[in-house]
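The values are calculated or read from the model by the stated rules, or taken from the named source; none is laboratory data. In this text the structure is predicted, and so the values were computed from the model without any measurement. Neighbour counts run over all protein chains shown; Cβ positions are idealised from the backbone, glycine included. Note: accessible area is taken over every heavy atom of the protein model, side chains too, but ligands, DNA and RNA are not part of it. Shrake-Rupley method; radii C 1.70, N 1.55, O 1.52, S 1.80 Å.
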Amino acid sequence: MEIPSELHYTRDHEWLRTEGEEATVGITDYAQSELGDIVYIELPEVGVDVVQGKTFGAVEAVKAAADLFAPVSGEVTAVNGSLDQSPELINQSPYDDGWLIKVRLAKPGEVETLLSADDYRKLIEQSGGD
Amino acid sequence: MSIPLIFTLDKPSLRCGHIPESDAPDEIPGPPDELLRRELDLPRVAEPEVVRHFVNLSVLNHHVDRGFYPLGSCTMKYNPKVNESLAALPGFSGLHPHQPVSTYQGALNLMETLERWFCEITGMAAVTLQPAAGSHGELTGMFITHAYHKARGDRRRRVLIPDSAHGTNPASIVMAGYESVPVLSDARGRIDLEALKRELTPDVAALMVTNPNTLGLFEDRIGEIADAVHRAGALLYMDGANMNALVGLARPGDMGFDIVHLNLHKTFSTPHGGGGPGSGPVAVNAELEPFLPLPRIRHLEDKSLGWDWDRPDSIGQMHTFYGNFAMLVRAAAYIRALGSAGLKRVAETAILNANYLRAMLKDAYKLPYDDLCMHEVVFSADNQGEKGIKAVDIAKRLLDFGYHAPTINFPLIVHQALMIEPTETETLETLEGFVRTMLQIDREARETPEVLHEAPHNTPVSRLDEATAARQLDICYRPDVYVS
């Protein structure tokens, strides 16, 4: 199970990569493997404000659908348009080609409230996942 | 058996049926000429081929009249055929809602009686039969919740839902304009009372509880939960989809619920799963009665029955007319045939059957919440996971033995969930056969896992590529207009 050490994580299995005032959001390798083949993704439009801990979209796999929760608050500055046609990118490359949205950080301090890679690894080990 | 699309059978020289020349007098007007279509986009096929095409398609279906259907949460129980005959009686099936009310007193009497029976069964004060489905009942209940708080000058915007609740609940809440907030389960698979109390802030409109929950477990602290919810000024809503585990044994009204919906197709044996329209009556306590949908049945001064439209606090109409009436006939027939002792046996047998499967299968299949269950039992496929077997492989293998698969991967709080609801209508012999098959599949998972990975083997089509099917959806019924 890949858990890149430089990223921040939520308990709902999203990751956050900060790049200055911006950050990229996606779902983790564990999340994509638990969901299985992803067939549809619903994302906000550029310009929308997302709020930490609140839903910003949904991901639909063959076996289940799940809400996506924003790791941080801020305005959406970019959306991964490739996912419309190729949602499987999330399965194939959850941390790179399968990114979901980019957000301009409204409250940079929120990043400190997220889990580290080590804490996230412990979380999924506790939940009994494989 | 592969069956071609009927459009591929099209042949210009063939036709189906022969319509004689009209001998209707000219002065009887037909549809306006400009609305008549001369060329219909229908295949030309001989009548016997049409009949065979659809009969052959129909035998590919699995349904409860063909075999065991242990689809958890859905309560796919057998429906007595006599209910169908009664609902089809011309005095019921020939009614039109616009005919004078004096000409359908019998139908109103049946509805009024059914309302009383549902009050008795749920322990509530009043019932509306109008909602056309369980989810429609949930929406009705949320509108009532909103009207109740509004009448008190109270604005509340959040509704709490345990993570073991039915999947439709959050959707109904959002449809009603509320925000849905999850409440976690504890280690026993029940609502975590401390977590609930933390979430019970003054802006909570209601707690929506599925009892028994989707783990098949009874919320045994429901009295304390009701007290906490009411102290916070919120209402307690029960999703009654699992009422076949309680009917005749325990009443939501006695547990402290303010609103409960019933799924007639789950508990009271009306058709389910494409077999007919649904019906989701909603029962409320006396304080909420003024908010029920319009119109209400009432006794007129001359002792006849009629409709009361003069109800200023009502949330309004939830359905064009008075609900899916033929379903009410079936439910009334079912209740009348069983009586209160029979209904109690329904719940007892539903519980006994589920616990039989729990006891017989728990050595082979992991049971994350090992407790007496109610009408259904939720296993995990984790014991079989060593060879890469998932819940879906076990479900697909069951098809080879003529069973419908259980619900899988739900509830989400169980990893690789296998949610099995045998229902009260199955015999011991049927359950024994199912147990033998489940134990064989467990052996196969260890000894010949490839048999499971490639299942099903005996069905008209084998394992489908569900991801590609969803990503490249093609639901065209004509091969020549396929759009990729």
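Quick notes on this one:
- Conditions (1) farther than 19 Å from B:SER172 by Cβ; (2) open to solvent by 10 Å² or more (accessible area, probe 1.4 Å): number failed by B:HIS146: (1)
- Pairs meeting the criteria (first residue in the range B:251-265 and within 15 Å of B:LYS77 (Cβ to Cβ), second residue open to solvent by less than 10 Å² (accessible area, probe 1.4 Å) and aromatic (Phe, Trp, Tyr), beta carbons under 7 Å, at least 6 apart or on different chains) are B:LEU262/B:PHE118.
- Residue within the range B:366-375 that is touching a Lys or Arg at 6+ places or on another chain (Cβ under 6 Å) and of a type outside the set (S, T, N, Q) present: yes
- Sub-8 Å Cβ pairs linking a first residue in the range B:404-415 that is at the interface with chain A (Cβ under 10 Å from one of its Cβ atoms) and β-branched (Val, Ile, Thr) to a second residue that is open to solvent by 40 Å² or more (accessible area, probe 1.4 Å) and not in a loop (DSSP other than H, G, I, E, B), at least 6 apart or interchain, are B:ILE408/B:VAL392, ordered by first then second residue.
- Whichever residue in the range B:322-341 is more than 21 Å from the chain's Cα centre (by Cα) and in contact (Cβ under 8 Å) with a residue 12 or more places away in the chain and, among such residues, is nearest to B:THR145 (Cα to Cα): B:SER340
- Residues of the range B:416-445 classified as surrounded by fewer than 18 Cβ atoms within 10 Å (Cβ to Cβ), over 19 Å from B:MET76 (Cα atoms) and touching a residue at least 40 places away in the same chain (Cβ under 8 Å), total: 1
- Test: B:VAL377 is buried (at least 21 other Cβ atoms within 10 Å of the Cβ) and not assigned by TED's automatic domain parsing to the domain that holds B:PRO290: yes
Listed here are the residues, each with its yes/no results for (1) more than 14 Å from chain A (Cβ to nearest Cβ); (2) not aromatic (Phe, Trp, Tyr).
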| position | (1), (2) |
| --- | --- |
| B:ILE297 | yes, yes |
| B:TRP307 | yes, no |
| B:PRO312 | yes, yes |
| B:LEU343 | yes, yes |
| B:THR349 | yes, yes |
| B:LEU352 | yes, yes |
| B:ASP370 | yes, yes |
| B:GLU376 | yes, yes |
| B:ASN383 | no, yes |
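- Test result for A:ASP12, within 14 Å of chain B (Cβ to nearest Cβ) and surrounded by fewer than 21 Cβ atoms within 10 Å (Cβ to Cβ): yes
- Within the range B:82-131, the set of residues being of a type in the set (Val, Ile, Thr), out of contact with any strand residue (DSSP E or B) (no Cβ under 9 Å at 6 or more places or on another chain) and surrounded by 16 or more Cβ atoms within 10 Å (Cβ to Cβ) is empty.
- Any hit, the range B:453-467, residues being of a type in the set (Gly, Ala, Ser) and within 13 Å of another protein chain (Cβ to nearest Cβ): yes
- Residue identified as surrounded by 15 or more Cβ atoms within 10 Å (Cβ to Cβ) and out of contact with any strand residue (DSSP E or B) (no Cβ under 9 Å at 6 or more places or on another chain) among B:ALA333, B:ALA337: B:ALA333
- Every pair of residues 6+ apart whose Cβ atoms lie under 7 Å, when the first sits in the range B:27-44 and is surrounded by 10 or more Cβ atoms within 10 Å (Cβ to Cβ) while the second is aliphatic (A, V, I, L, M): B:PRO43/B:ILE6; B:PRO43/B:LEU9; B:ARG44/B:LEU14
- When the range B:397-440 is filtered for residues that are part of a strand (DSSP E or B) and among the hydroxyl-bearing types (Ser, Thr, Tyr), only B:THR407 remains.
- Contact map, the range B:92-104: residues that are at pLDDT below 95 paired with residues that are open to solvent by 50 Å² or more (accessible area, probe 1.4 Å) and assigned to a loop (DSSP other than H, G, I, E, B), Cβ distance under 6 Å, separation 6+ or inter-chain. Pairs shown: B:PRO97/B:PHE321.
- Of all the numbered requirements in (1) part of a loop (DSSP other than H, G, I, E, B); (2) open to solvent by less than 100 Å² (accessible area, probe 1.4 Å), B:VAL55 misses one, and that requirement is (1).
- The helices (runs of 4 or more DSSP H) falling completely within the range A:31-130 that include 3 or more residues that are more than 14 Å from every other protein chain (Cβ to nearest Cβ), open to solvent by 20 Å² or more (accessible area, probe 1.4 Å) and closer than 25 Å to B:ASP382 by Cβ map to A:117-126.
- Of the criteria (1) at pLDDT 95 or above; (2) more than 26 Å from B:ARG155 (Cβ to Cβ); (3) open to solvent by 40 Å² or more (accessible area, probe 1.4 Å), which one B:PRO202 fails: (2)
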